[in-house]
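See below for the structure under consideration.
The values are calculated or read from the model by the stated rules, or taken from the named source; none is laboratory data. A quick note: this is a predicted structure, and the numbers were derived from the prediction, not measured. Glycine also receives a Cβ, built like all others from the backbone with ideal geometry; neighbour counts cover every protein chain displayed.
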Amino acid sequence: MFSFQAMGGKSVRAIIETSRPEIFARVRETYLAHHRGATVNPNSSFLRFPDKPDARIIALPAALSPDGSPDGPTDATDGAAEGVAGIKWIASFPGNLARNVPRASAVLLLNDLETGYPFACLEAAQISAARTAASAVLGAEQLHGSRHAERLAVVGAGVISRNILEFFRALGWSFTEVAIHDTVGGYAKKSAEYTEALGYRATTHERLAGAVDRADIVVLATTAGEPYILAPDAFAPGQTVLNISLRDIGPELIAASHNVLDDVDHCLDAGTSPHLAVQKFGHRDFIDGTVAQLVLGELDLGRDRPRIFSPFGLGVLDLAVGREILRIGRDSGRVQDVPDFFAEVERW
């Protein structure tokens, strides 16, 4: 009851590298649990800095019901058979990129639902990237309709897009070409080399339009703080757009597209592209629904407009993925015990 364990990033990464299909399944199942109301997922809290306006540290608290359903117990396959609470504390400092340091760093605390005591701390930048990538690939699968595309466009050659490519490969996706664009040509080149190592043919493009043109699927994974994709014809009808970085697309383009979110209320916050569109036009009519509704067959999207998936990122996904990684880590001896972490374990 009072044990406490820790997992470092190298161990977490090692487990992710051999467990991407399982992580994908956990993310899918947790979205369905969230849709059923079997989660508690409050709004994220943002810590900002007056002298660093582009930097922030975000707290994502959440809880996953032990029965996986508001109506009663379910079997263990729903990804929520064991309840857990916790919080991800993730920093985003874009200035790190100039130092060739990843933008994001994070930790994940897991709490026991019976006593509230924390029982594990995991390095979570890897977990966050993995659950984001799994979410992106789930959105691609649901919006595109298959695991093959002639052209995949990747905008933003960083850690998140690298993870997304790794999940595409692990889940058996095939692409005739992966077109990569980054404002820093050197990053695009490195990403292309890595993409080739994954077995895909990669090309680099100096212009955004050159990468996005003719792409079946577009991945937006940048550090943009405000919209820069503004042209009304930037995306083609039927094109699948994974709006992972959330703030790249102008409100007019959002309003002229089909829009799928992970959680509507969560995504309409913090200056995301859908949030800006709601603020500008004063309604939500352009939002079709959630990715869980797509999985359940409750949405029928036409191909008359671009199809945009904007996942704000739910803390409950971090809990589900973190718990799965901790379980595998315990079985493989990658977890470190922290003796006497709690100073008092009796009231008297």
**Asked** Among the numbered criteria (1) in a loop (DSSP other than H, G, I, E, B); (2) under 16 Å from the mean Cα position of the chain (by Cα), which single criterion is violated by residue 236?
**Response** (2)
**Fill in**
Picked from the range 94-120 (must be among the charged types (D, E, K, R) and within 28 Å of residue 345 (Cβ to Cβ)), the residue modelled with the highest pLDDT is 112
**Request:** For residue 327, state whether it is surrounded by fewer than 22 Cβ atoms within 10 Å (Cβ to Cβ) and under 22 Å from the mean Cα position of the chain (by Cα).
**Result:** yes
**Fill in**
Across the range 127-184, the tally of residues that are in a loop (DSSP other than H, G, I, E, B) and either assigned by TED's automatic domain parsing to the domain that holds residue 9 or of a type in the set (Gly, Ala, Ser) (or both) stands at 6
**Request:** Check whether at least one residue in the range 3-16 is surrounded by fewer than 19 Cβ atoms within 10 Å (Cβ to Cβ), in a loop (DSSP other than H, G, I, E, B) and at pLDDT below 95, and report yes or no.
**Result:** yes
**Complete:** Result of the Cβ filter at 8 Å on the range 196-210, keeping first residues that are under 15 Å from residue 172 (Cα atoms) and partners that are in a helix (DSSP H, G or I), at least 6 apart or interchain, is 198/165; 198/166; 198/169; 199/169; 200/165; 200/169
**Prompt:** Can you tell me how many residues in the range 252-267 are in contact with a strand residue (DSSP E or B) (Cβ under 8 Å, 6 or more places away or on another chain) and buried (at least 19 other Cβ atoms within 10 Å of the Cβ)?
**Reply:** 10
**Message:** Which numbered condition in (1) farther than 21 Å from residue 160 by Cα; (2) surrounded by fewer than 16 Cβ atoms within 10 Å (Cβ to Cβ); (3) at pLDDT 95 or above is the only one that residue 277 fails?
**Reply:** (2)
**Message:** Take residue 288 and tell me if it is touching a Ser or Thr at 6+ places or on another chain (Cβ under 9 Å), of a type outside the set (S, T, N, Q), modelled with pLDDT of 95 or more and not in a loop (DSSP other than H, G, I, E, B).
**Reply:** no
**Item:** Single residue of 293, 279 found to be under 24 Å from residue 65 (Cβ atoms) and either outside the structural domain of residue 122 (by TED's automatic domain parsing) or not in a strand (DSSP E or B) (or both)
**Value:** 293
**Message:** For the range 215-227, check the following and say yes or no: at least one residue is over 21 Å from the mean Cα position of the chain (by Cα) and not in a helix (DSSP H, G or I).
**Reply:** yes
**Prompt:** Any chance the range 255-265 includes a residue that's assigned to a loop (DSSP other than H, G, I, E, B) and among the hydroxyl-bearing types (Ser, Thr, Tyr)?
**Reply:** yes
**Complete:** Filter the range 227-249 for residues that are under 19 Å from residue 311 (Cβ atoms) and among the charged types (D, E, K, R); the one that is surrounded by the fewest Cβ atoms within 10 Å (Cβ to Cβ) is 247
**Item:** residue 287 being farther than 25 Å from residue 151 by Cα and surrounded by 19 or more Cβ atoms within 10 Å (Cβ to Cβ)
**Value:** yes
**Request:** Identify, from the list 124, 91, 80, the residue that is crowded, with 21+ Cβ neighbours inside 10 Å and either among the hydroxyl-bearing types (Ser, Thr, Tyr) or modelled with pLDDT of 95 or more (or both).
**Result:** 124
